[in-house]
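Below you'll find the structure, written out as structure tokens, and then a few comments.
The values are calculated or read from the model by the stated rules, or taken from the named source; none is laboratory data. Everything numeric in this text was worked out from a predicted model, so none of it was measured. Using ideal geometry, Cβ is built from the backbone for each residue, glycine included, and neighbour counts are taken over all protein chains shown. Surface areas here come from the heavy atoms of the whole protein model, side chains and all, with no ligands, DNA or RNA. Shrake-Rupley method; radii C 1.70, N 1.55, O 1.52, S 1.80 Å.
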Amino acid sequence: MVKDKELEIRLSFLEEAQDYVNTMETGIMVAAAREERQQMDAVLRAAHSIKGGAAMMGFPILSELAHRLEDFFKVLKAQQLAIDAELESLLLASISCLRQAIAIYHQGTTLDEQWQQNHVEPIFSQLQQRLGEATSTESNELLLSEDTQDMQTLIFETEVEECLQRLEGILAEPQQPGLFAETLTIAQDFASLGQMFQLPAFQSFCESIIHHLEASPDRVTEIARWALQEWRRSQAAILLHQGTVPATLPLDAVNDNELETTQPAATAFDLLTDSETTVENPQELTLSSTQESQKKSVHLASESDSALVVKEQDTTVRVSIDILEHLNDLFGEFTIERNGINLYLERLRNLVKILDGRVRTLKNLDTRLFAAYERNNYSPRDTADTFNNYALERENNFTHSSNENSNLRTLIDEVMENVFRIQEVADDISLSIEDTTQTVGELNRTAKQMQTSLTQVRMRPLSDLLNRFPRFLRELSLQYNKKVELKIHGGETLIERNILEALNDPLMHLLHNAFDHGIEDLQTRRSRGKPEQATIEIKATTRGNQTIISVSDDGRGIDLNAIRVKAQQLGLDAKALTTASEQELLTLIFEPGFSTARQVTNLSGRGVGLDVVRTNLSKIRGNIKVDTQLGVGTTFHLNVPITLSIAKVVLVESNGMLLAFPTDVIEGMLILNSERVTTIAGNEMLCWENNTMPLIRLGQWLVFRGLTHQKSPAVTVPNMSVPTVLKIIQGHELVAVQVDRCWGEQEVAIRQVEGTIAMPPGFSSCTILGDGRVVPLVNPSALLHWISTCQKSAKLEQPETLTTAQIQSHKDTILVVDDSINVRRFLTLSLEKAGYRVEEALDGQDALEKLVSGLQVKAVISDVDMPRLDGYSLLAQVKSMTNLQQIPFVMLTSRQGQRERQLALNLGAAAYFSKPFNEQELLQSLQLVLN
């Protein structure tokens, strides 16, 4: 138990040391850029804090590195040396060594000499040559008493307090496990503290405790209790800079009973000797005799302030991330079950309404039955009297002369009586449902509060991530001779921890992209009349359930013509590129392998970066869009949800499939009115509140190309059972999406879809309803992007009811293999227009797995340059398999050399085409190959 707490304290110090390292990095960069010498005070204090804390926590190498850095910082401050680019790089590299050491210790491993020789010594040796050693005079002048007091206060507020709390906890236990070892360890640690902070009385006091423990181990409880009381007073005196610290433990003057009845406050001051040291107030050197009357009040103040410190520290607790994640998963399951309760409660209401209707029907039948009975047993002349005396007759329970009629009357009365009893039960059920509804409403409110609290616990400020970037950008600036300033706004914006981690790579790539592609070199900026120092700005804000982050630069902007040229080189249709809008062209920069850089360098030209941004954002249900102006700059806008676990959605139905749309992107809903629909340039448009927006009929795109989709049985009635339009925000525009029916709004738990089969375009994850149905969660931005990409040239087939055998033989199936999604889409559209059925593979490995698993295809059209498995290797492996070697291969690649063509033909390719290609020639060759 003690070891676990010690490990927790050590890990807590390492996390605190990370903050000190960040302070040092920021201080050095600011001091170098703005020549603000006062920044060195904070840098010195941070290095000194790490040095002292690491020594106490048992991290000797970390303490030594911090000590050496502290000496270098002292030289900088004492001699007021200017920090040039080379010196700044060395200082930042030395701080990185400190950060690496902290990370290694945090992993539970130790630092060896080889690591120091390889990583530390080369950097520190260069700093030694530049700065030399700090003299003793400089050290004494720069290590101010204020620094020592700050460190002393920090240690006594944190580490000392935690040790005392541990001792209090052990003393409170009936068996007092490990009391001797714990008290001895604390006394030894506190003695080291007294030596480090030059508190001889405190050190002597702790050594006397060690002596008493070793001499009288049988009195450990008495010693521990007395030591705890004196340590509490010493802690308060040191924190308040008032009072005195005892130098010895007066154990012989007290016993166990006295510990409980005597106020130790008197002992702490009345038994002072010459060896005691007073912790003096700056305005008060000694406690004079005239101040003796104030001792008690001083002691009480110390005790109350000490208790205040304990109370403040008890308000926080360290909890494992795994526990929080498990708690979050349990809350997700709770949300599903809560939705189930609401669902079945609604079903009960509907059943009670049905029951009320059935009871009314029974009453009507009983009345008719009784009327028929009366007509059969009374003459016409008596009919009026009979009906007039109906109530009296029933009350007196009259009988007839005939036994048969009497029995019938009795049965009628019993039926009526049971009908009234059923009515009473129905009323009781209705009242119970109302009470349950109120209880469920309170449960929902409590669940909402739980969700809010749980979300806040799992959130971190965005600055935790953004604070890493100034150092990264500064190193790039020094390396490539670009003057760039990073401005961060909204760093206090809170965001869920998982989302924060997922944003690291996207934001890093965007920052990298802005520096390389956006910011011009110094000469270019001068020629364009721009300031030499460029600006990259990161802004973050919260809007509803979304966090909006923008990364902008004042650089050259994005050249749309360069995008068109690159797209044509990749084989895209030139005519389509000419008519494409700005946003459609800008989406191409997020495709794998797409780069407009003219040459490959360490920074650019490799085609890696922005595709990672879009891929990572899609994993957290985020999206990205670009605004650019040539010669002015570029801004990337990122939208991510605040939390990934719970979301509010609108449930809709299209083609019999239930879908969930996030409410964040829905501006409004209305019933579709054909009078509002117009056609402009062949596209349907919807007029809504003086706005005209594109109309997407979702049912035309959700076409099942297999067996007829069976609708899931509905538990509740839809809120809008007629065609409904959702007004969805798409970037700066609005788009109208028509669905068949709307089932209302729900708060649902989000679940990720696992497995090797990717979700279709426009779908990110799923949710589980209260009745157990699994509903796909729509990513509106991705879905609308996919629709707009296919809309111009795709003619969707009408849904058909086919058998499995008909599906297999309906059309010739062509497998398209290419790592570029746009190339695959273009080929798919061309082949579908020609009457083929198309299957797609992301690369050669994906295609091979599909073929081996039994995919039946008539031919394969494959690219050559692909990750994991290239086209040549795919062709060779397929031709080596007996059951697959008869499949014809058509190679479609940007390689135009005769050697590459001959290699493909030698491996067994039936045809070879170079990009850009002629669509008609490709289709004709494919037809010849198939025939």
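Summary table below
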{"quantity": "Estimated inter-spin distance, K850 and Q188, nm [label 7 Å along Cα→Cβ]", "calculated": "6.7 nm"}
{"quantity": "Cα shape, the range 813-930, gyration tensor, a/c 1.5 rule", "calculated": "rounded"}
{"quantity": "Net +/- balance of residues flanking L842 in space, Cβ distance below 9 Å, scoring K and R +1, D and E -1", "calculated": "-3"}
{"quantity": "For the range 1-131: rounded, prolate or oblate by the Cα gyration tensor [a/c cutoff 1.5]", "calculated": "prolate"}
{"quantity": "Under 9 Å, Cβ to Cβ, from D865 - net charge with Lys/Arg +1 and Asp/Glu -1", "calculated": "-2"}
{"quantity": "At R0 = 22 Å, FRET efficiency that the Cβ-Cβ distance of Q175 and I323 yields, to 0.05", "calculated": "0.20"}
{"quantity": "Extension gain, T367 back to E113 (0.36 nm per residue minus Cα-Cα distance, nm)", "calculated": "81.3 nm"}
{"quantity": "Contact order normalised by residue count of the range 147-240, Cα under 8 Å, 6+ apart, percent", "calculated": "31 percent"}
{"quantity": "Peptides ranked, highest mean first, by Cβ atoms within 10 Å: ranges 740-753, 774-787", "calculated": "774-787, 740-753"}
{"quantity": "Gain on full stretching of the segment that runs from N418 to E754 - 0.36 nm per residue minus C-alpha separation", "calculated": "115.4 nm"}
{"quantity": "Estimated inter-spin distance, R468 and T410, nm [label 7 Å along Cα→Cβ]", "calculated": "8.9 nm"}
{"quantity": "Heavy-atom accessible surface of the range 147-240: percent carbon and sulfur, 1.4 Å", "calculated": "48 percent"}
{"quantity": "Subset of K879/K915; K833/K915; K448/K619; K483/K619; K850/K879 violating a 27 Å alpha-carbon distance limit", "calculated": "K483/K619"}
